[in-house]
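Here the structure is laid out as structure tokens; the discussion comes afterwards.
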Amino acid sequence: MQIAEIFYSLQGEGALTGVPSVFIRTSGCNLRCAWCDTMYASWKPEEREIPLEAVLAEVDRHPAAHAVLTGGEPMTAEGLPALAAALKMRGLHVTIETNGTIAPDGIAVDLASVSPKLANSVADTAAFPREARMQSEDRRWNLAALRAWIDGYDYQLKFVVRSEADVAEMRALLGKVARDVPPHRILLMPEGKDAETLRQRDAMLVDLCKRHGYRYCRRVHIDLFGNVRGT
Ligand code: SF4
């Protein structure tokens, strides 16, 4: 499998925030978000082929009861269904962090942490024309795939928010998805790679969550460790 890194840390986002977890970050992504914080797994994917057995051996070194499949976009990684099944066989709780553009196709995970991308993720068209095209609405949204994740799994929908306009776009997307998503499963996460930027967006997000019933999503690993690889 193409693997960027395997590490043991605390889950920094979402329903399992703070839970010690082993993270398996695959390399390669079908999107190009302007603010991606794992460029080494998306815009400039590192090529490191590691056999499934070696990935599992690395996982076994850590005393984790939870595993997180992340990326890049893990659903693009060859061998991911076999890895998920092997982790489940070991008794681990498995979360997948996905951008929701690829249907699950029966993959064995316990929690789908789905993060559809909004227009704030589109790179500057003049500077990065190819990457901006890769981030067009028809490529970052796959309604059928989103419905499959929502219908088939315990899930949370995580949106990176920069302004109130992002929430209007999010609501338009959810209208198209046409599923009854309880507001507490919708997580609003501030856009930013450092604690100060995240904090500056807090007041707006708190207000939006209180008005609509959405869940505020901190990026605790940034608070604890900064934007540091392997955390
Ligand atoms: S989907 Fe995730 S990994 Fe891919 S470019 Fe966007 S933020 Fe980065």
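The values are calculated or read from the model by the stated rules, or taken from the named source; none is laboratory data. This one's a predicted model, so the numbers in the text were calculated from it and none came from an experiment. All Cβ positions, glycine included, derive from the backbone under ideal geometry; neighbour counts span all protein chains shown.
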| query | In the set M189, M170, which member is within 14 Å of the ligand (Cβ to nearest atom) and surrounded by 14 or more Cβ atoms within 10 Å (Cβ to Cβ)? | reply | M189
| task | Answer yes if at least one residue in the stretch 7-21 is touching a Phe, Trp or Tyr at 6+ places or on another chain (Cβ under 8 Å), surrounded by fewer than 20 Cβ atoms within 10 Å (Cβ to Cβ), in a loop (DSSP other than H, G, I, E, B) and at pLDDT 95 or above, and no otherwise. | result | no
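Yes/no matrix, rows are residues, columns are (1) more than 16 Å from the ligand (Cβ to nearest atom); (2) surrounded by 17 or more Cβ atoms within 10 Å (Cβ to Cβ):
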position	(1), (2)
L87	yes, yes
L92	yes, yes
T95	no, yes
T98	no, yes
I102	no, yes
L111	yes, yes
S115	no, yes
S121	no, yes
R133	no, no
| Filter the stretch 135-147 for residues that are buried (at least 19 other Cβ atoms within 10 Å of the Cβ) and touching a residue at least 60 places away in the same chain (Cβ under 8 Å); which is farthest from A178 (Cα to Cα)? | Q135
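Here's the yes/no breakdown for (1) away from the ligand (no atom under 16 Å from the Cβ); (2) within 14 Å of G12 (Cα to Cα); (3) without any contact (Cβ under 8 Å) to a residue 12 or more places away in the chain; (4) among the basic types (K, R):
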site	(1), (2), (3), (4)
W149	no, no, no, no
S163	yes, no, no, no
E196	yes, no, yes, no
H212	yes, no, no, no
| Is it the case that the stretch 46-68 has a residue that's in contact (Cβ under 8 Å) with a residue 24 or more places away in the chain, within 14 Å of the ligand (Cβ to nearest atom) and closer than 30 Å to Y214 by Cα? | yes
| Which of the residues that make up the stretch 61-85 are out of contact with any strand residue (DSSP E or B) (no Cβ under 6 Å at 6 or more places or on another chain) and surrounded by 19 or more Cβ atoms within 10 Å (Cβ to Cβ)? | E73, T76, L80, L83
| message | Given (1) of a type in the set (D, E, K, R); (2) within 16 Å of the ligand (Cβ to nearest atom); (3) in contact (Cβ under 8 Å) with a residue 24 or more places away in the chain, identify the lone condition not met by D154. | response | (2)
| field | Among the residues listed as Y40, Y8, the single one being away from the ligand (no atom under 16 Å from the Cβ) and under 16 Å from G230 (Cβ atoms) | value | Y8
